[in-house]
Amino acid sequence: MPKTQEYSTLAAIDLGSNSFHLQVGRVDGEQLFYLDAHKESVRLAGGLTAAKKLDAASQNRALACLARFGERLKGMPPGAVRAVGTSALRVAKNAPAFLERAKTALGFDIDIVAGREEARLIYLGVSHSLPMSSEPQLVVDIGGGSTECILGTGYEAHDRESLRMGCVVFSNRFFAQGLVDKAAMKAAVTAARVEVQPVAHVFRRGLWKQAVGSSGSARAMGEILFQCGQSDGQITAEGLKWLRDRLVKAGDLNRLELPGLKPDRRPVLAGGVAIMSGLFQELGIEQMTAAQGAMREGILWDLLGRVHNHDIRDITITQFMRRYHVDTAQAQRVERLAIRFFMQLTAGDADDSGERVRWLIWAARLHEIGINIAHSSFHKHGAYILENADMPGFARRDQSRLAKLVRASRGGLDKLDYAADDDLWPLILCLRLAVLFSVSRADSALPEMTLKNTGNGACQLTLPRAWLAANTLTQAALEGELKVWQAVQPIVRLVEIKT
């Protein structure tokens with residue numbers, strides 16, 4: 001793998017469904033020391049209309065917040081900053097258009113991650129905030145639009161689920177205008193139990209030694225129970241019952257006065273309490289510790305791993321090769337040749353090739369994973385797997401990028417809806433040529449070949465005429481490849497072969 005750039009400071013942005021968080025950390029070897037942190041209650045999930053679109057007000061709140069975060073991050077290199085969007089942005093139908101504006105406001109790309117990837121990042125942040133333990137632990141994170149349950153040991157998450165219930169969503173659904181009564185609270189707790197029930201066997205009591213709550217809802221409950229003398233800061237089953245009774249007795253969250261209750265938490269407290277109550281009842285939890293670590297810290301630790309070449313994405317690629325029984329020797333042949341072509345094409349320009357070589361390597365290693373399903377159209381099967389599978393470390397956009405490369409590794413290109421300015425075209429060319437020259441699946445000697453950019457997007461492959469004349473099958477394959485590239489002109493300039 002190409003060496004990763006080193007940074008002295010890293011930054012993580014968590015675009016949660018309730019609040020946006022910015023966390024900055026200083027890198028000292030393999031350690032992170034947290035510097036400044038910023039939080040704003042944006043209530044993105046509260047701005048989702050019945051048509052599953054973000055309304056103008058929630059978008060404006062989000063953009064204003066991101067612009068302020070962008071001021072703090074001004075001057076930081078892109079590789080040192082990662083912004084991650086979660087549940088509300090996964091659901092919103094107008095998320096793509098909003099994300100373009102959000103990227104402009106923040107000044108950095110924004111990744112949308114799947115629920116299980118969100119859970120992995122949460123566990124990473126929480127586990128680094130707790131004393132190291134070899135005992136299994138349950139981590140629960142009640143967000144604005146989703147709730148993540150994770151079972152793990154040390155820094156490694158084993159089981160991860162994302163449930164479609166959050167404190168903002170439940171508060172809007174069951175406690176509109178902040179009104180709380182006994183029937184609504186019972187209905188909300190029951191709805192939470194119904195959501196948890198299908199995964200209860202994975203996270204039930206007996207499979208873990210300690211239960212930990214992450215993020216604002218858990219910390220708010222722990223603080224209120226402590227300030228009100230109901231616990232030592234732990235969330236308990238008795239404490240939750242006391243909270244439910246107090247909420248029902250108040251009847252209106254706007255009139256609720258509790259020590260430890262912050263104004264920004266008041267509108268979503270009832271929804272969070274109902275969800276936590278359902279989790280306690282279905283999973284057999286008796287008490288839970290509120291952790292300081294959360295997803296934003298997990299993003300930082302994950303980013304630190306990438307900086308130090310301990311990239312979880314590399315581990316995921318290796319696991320996929322094993323899971324789908326990839327022919328490792330063939331993958332290595334294609335990888336070596338694809339890199340060779342790409343370095344020639346870019347003239348070894350490190351600034352241009354460093355990160356893109358990483359994608360070329362991953363695509364070469366996984367270009368045949370679809371064979372495990374069927375040999376016919378295996379590149380299409382492989383692309384489908386990569387587009388839809390749970391891939392730790394990869395955002396949705398990353399999975400789509402990798403799927404594009406694998407889909408284009410063979411077959412026609414004219415029906416692929418790839419933009420003319422897509423920076424994947426050079427990678428696709430190098431990958432396709434590497435696959436073509438490795439078709440024998442043997443370590444046979446190849447001739448001296450040169451692939452170069454001849455300007456205006458055109459490329460030229462040069463190889464010995466005598467070798468080509470002696471290898472008629474390869475010659476025929478190259479002629480077919482030329483026709484494939486001719487079919488996508490003028491989207492991509494003609495690839496030429498010179499002898």
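Is it the case that some residue within the range 343-352 is β-branched (Val, Ile, Thr), farther than 24 Å from ASP302 by Cα and touching a Ser or Thr at 6+ places or on another chain (Cβ under 8 Å)?
yes
Which residue is surrounded by the fewest Cβ atoms within 10 Å (Cβ to Cβ), if the candidates are limited to the range 380-391 and must be within 16 Å of GLY412 (Cα to Cα) and touching a helix residue (DSSP H, G or I) at 6+ places or on another chain (Cβ under 6 Å)?
Selected residue: HIS381.
Filter the range 186-230 for residues that are more than 14 Å from THR147 (Cβ to Cβ) and free of Cβ contacts under 8 Å to residues at least 12 places away in the same chain; which is farthest from the chain's Cα centre (by Cα)?
This residue is GLY229.
Taking the range 398-425, which residues are modelled with pLDDT of 90 or more and either farther than 19 Å from GLU368 by Cβ or within 24 Å of the chain's Cα centre (by Cα) (or both)?
Selection gives ASP398, GLN399, SER400, ARG401, LEU402, ALA403, LYS404, LEU405, VAL406, ARG407, ALA408.
Regarding the range 206-223, can at least one residue be identified that is over 22 Å from ALA290 (Cβ atoms), outside the structural domain of HIS21 (by TED's automatic domain parsing) and not polar (S, T, N, Q)?
Yes.
Just one of GLY144, GLY152 is modelled with pLDDT under 95, in a loop (DSSP other than H, G, I, E, B) and surrounded by 15 or more Cβ atoms within 10 Å (Cβ to Cβ); which is it?
The unique qualifying residue is GLY144.
Among the residues of the range 480-495, is there at least one that is surrounded by 19 or more Cβ atoms within 10 Å (Cβ to Cβ), in a loop (DSSP other than H, G, I, E, B), without any contact (Cβ under 8 Å) to a residue 60 or more places away in the chain and outside the structural domain of PRO96 (by TED's automatic domain parsing)?
No: the range 480-495 contains no residue that is surrounded by 19 or more Cβ atoms within 10 Å (Cβ to Cβ), in a loop (DSSP other than H, G, I, E, B), without any contact (Cβ under 8 Å) to a residue 60 or more places away in the chain and outside the structural domain of PRO96 (by TED's automatic domain parsing).
How many of the residues in the range 44-87 are within 17 Å of ILE112 (Cα to Cα) and of a type in the set (D, E, K, R)?
Residues in the range 44-87 being within 17 Å of ILE112 (Cα to Cα) and of a type in the set (D, E, K, R): 3 in total.
I'm trying to understand the selection: among the residues of the range 96-114, which are buried (at least 19 other Cβ atoms within 10 Å of the Cβ), in contact (Cβ under 8 Å) with a residue 24 or more places away in the chain and assigned to a helix (DSSP H, G or I)?
Residues satisfying the conditions are PHE98, ALA102, LEU106.
Can you name the number of the only condition in (1) farther than 24 Å from VAL42 by Cα; (2) surrounded by fewer than 21 Cβ atoms within 10 Å (Cβ to Cβ) that ILE235 fails?
Result: ILE235 passes all but (2).
Which one is modelled with the lowest pLDDT among residues in the range 263-289 that are more than 20 Å from VAL169 (Cβ to Cβ) and more than 28 Å from the chain's Cα centre (by Cα)?
PRO263
Determine whether the range 162-171 contains at least one residue that is in contact with a Ser or Thr (Cβ under 8 Å, 6 or more places away or on another chain), more than 23 Å from THR86 (Cβ to Cβ) and hydrophobic (A, V, I, L, M, F, W, C).
Taking every residue of the range 162-171 in turn, none turns out to be in contact with a Ser or Thr (Cβ under 8 Å, 6 or more places away or on another chain), more than 23 Å from THR86 (Cβ to Cβ) and hydrophobic (A, V, I, L, M, F, W, C).
Would you mind telling me which numbered condition in (1) in contact (Cβ under 8 Å) with a residue 12 or more places away in the chain; (2) under 34 Å from the mean Cα position of the chain (by Cα); (3) over 18 Å from ASN18 (Cβ atoms) GLY298 fails?
Going through (1) in contact (Cβ under 8 Å) with a residue 12 or more places away in the chain; (2) under 34 Å from the mean Cα position of the chain (by Cα); (3) over 18 Å from ASN18 (Cβ atoms) one by one, GLY298 breaks only (3).
Taking the stated definitions as given, is TRP425 in contact with a Pro (Cβ under 7 Å, 6 or more places away or on another chain) and in the same structural domain as ARG365 (by TED's automatic domain parsing)?
no
(1) at negative phi; (2) more than 29 Å from the chain's Cα centre (by Cα); (3) not polar (S, T, N, Q): which one isn't true of GLY251, the others all being true?
Unmet condition: (1).
Quick check on my filter: what residues within the range 47-104 are over 21 Å from ALA395 (Cα atoms) and β-branched (Val, Ile, Thr)?
Within the range 47-104, just THR49 meets the criteria.
Report, by residue number, each residue of the range 171-210 that is surrounded by fewer than 19 Cβ atoms within 10 Å (Cβ to Cβ) and either in a loop (DSSP other than H, G, I, E, B) or touching a His at 6+ places or on another chain (Cβ under 6 Å) (or both).
ASP181, ARG204, ARG205, GLY206, LEU207, LYS209
Per-residue answers, yes or no, for (1) surrounded by 15 or more Cβ atoms within 10 Å (Cβ to Cβ); (2) in contact with a Ser or Thr (Cβ under 7 Å, 6 or more places away or on another chain); (3) farther than 16 Å from GLY125 by Cβ:
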position: ILE13; (1), (2), (3): yes, no, no
position: GLY29; (1), (2), (3): no, no, yes
position: LEU35; (1), (2), (3): no, no, no
position: LYS39; (1), (2), (3): yes, yes, no
position: VAL42; (1), (2), (3): yes, yes, yes
position: ALA45; (1), (2), (3): yes, yes, yes
position: ALA50; (1), (2), (3): no, no, yes
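The values are calculated or read from the model by the stated rules, or taken from the named source; none is laboratory data. Computed from a prediction, not measured in an experiment: that's the story for all the values here. Counting neighbours? That spans all protein chains shown, and the Cβs are built from the backbone with ideal geometry, glycine included.
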